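So the structure is just underneath, and the comments pick up after that.
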Amino acid sequence: MSASAGAYYRRLATPGHFLPTEHATGGWSPTEQHIAPMAGLLVHEIERAVGTDGLQTARLGLDILGVLTLDAFEVTVEVLRPGRTISLVEARVGQHGRTAVIARAWRLAVIDTAEVAGGAPAVLPAPDAVPAWDLTALFGGGFVRSLDIRREADAVPGRSRSWTRSRVGLIEGEKAGTLASWIAMVDTANGLAVRASPTDWHYPNVDLTIHLHRQPVGEWLGFETGVVLGPDGLGITSSALHDTTGPVGRVEQMLTVRPRAHAGREPAPAGSGEVLLGPDRLAAVGVLGAPALGDLRDEQESAAALVGGGGEPHPR
């Protein structure tokens, strides 16, 4: 890991190689990278590789194959399906001799369709109209600390409306495009409307799938987020994505839900319908306005060992 100069990554002398800074550290473990800025970096590298091809990114799908440590890593980009109006581009992240992330971007032609545009959801209240919210009460890591977050006061477990913007750049000494900088915050969705306390449960996402119906503008990213946790270890975080002019698209995250093994906590029986976030945890996420959890930082330091036990290459 590199000392930061106000960016998530530093480009190294070897082509395609990068080093994360402290701003890229993750929320589940201080020894891992957060996948959010990585998604932005991959968009940046895809855009560099394709140049001015006249196309626009319509879908970005990431499969997260394993943990990214805070060491250097390599990004490679390949055009899988070239075309003048439709193109498919793949980016891979390699580290320690294995592939950790595979991203594929569908890039489509820019065509004037204003005459038939419509069907988007309602516009979110502007960021200035929404109170600040401290996500570090739930998750540690440099990435979470790098964000300016606003969240509506009527949020409930599993549902919220929020805004985020980053205080740091994507790559040291480089200007990233609006889409790459915006995509670098999308994975935050999984922490903005938690249904289960991260001190009791792990629910990292194994993928990140973004669909856009237009290109975003500005520095703010808005979320209208809902979280569903099933009875058998699966969950989905779904969000409508906005910029300050209105809706832009959607993101879906597939979650692997696992109880944390610590004293005094037993998971609810499958199918019981129990609301997983009790009054003490509601306070932690700001629903009751009480102080943040005091023991979360220590518990998060052991997260990697817990979710990656037995040598399993657990995402995030």
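Since every read-out is calculated from the coordinates, none of them should be taken as a lab result. Everything numeric here is computed off the predicted structure, so don't read it as measured data. Cβ sites come from the backbone with ideal geometry, for glycine too, and all protein chains shown count toward neighbours.
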Which of the trypsin sites (Lys or Arg not before Pro) found in the stretch 131-185 are loop residues per DSSP with 15 or fewer other Cβ atoms within 10 Å of their Cβ? ARG167, LYS175
List the trypsin sites (Lys or Arg not before Pro) in the stretch 38-131 that DSSP assigns to loop (not H, G, I, E or B) and whose Cβ has at most 13 other Cβ atoms within 10 Å. Which are they? ARG84
Ratio of the Cα radius of gyration of the stretch 12-70 to 2.2 N^0.38 Å, where N counts its residues: 1.29
Two-site FRET efficiency, ALA137 against THR209, from Cβ-Cβ distance with R₀ of 25 Å, rounded to 0.05: 0.35
Cα pair distances in the stretch 61-205, grouped into 5 Å bins until the bin that holds the longest one, percent each: 2, 7, 12, 16, 18, 17, 14, 10, 4, 1, 0
Overall form of the stretch 1-104 per C-alpha gyration tensor (a/c, 1.5; a/b vs b/c): prolate
Total charge dipole magnitude, the stretch 43-88, about the Cα centre, Cβ charges on Lys, Arg, Asp, Glu only, Debye to nearest 20: 300
What shape does the stretch 50-145 have by the C-alpha gyration tensor, where a ≥ b ≥ c are the square roots of the eigenvalues, rounded means a/c under 1.5, and otherwise prolate means a/b greater than b/c and oblate the rest? oblate
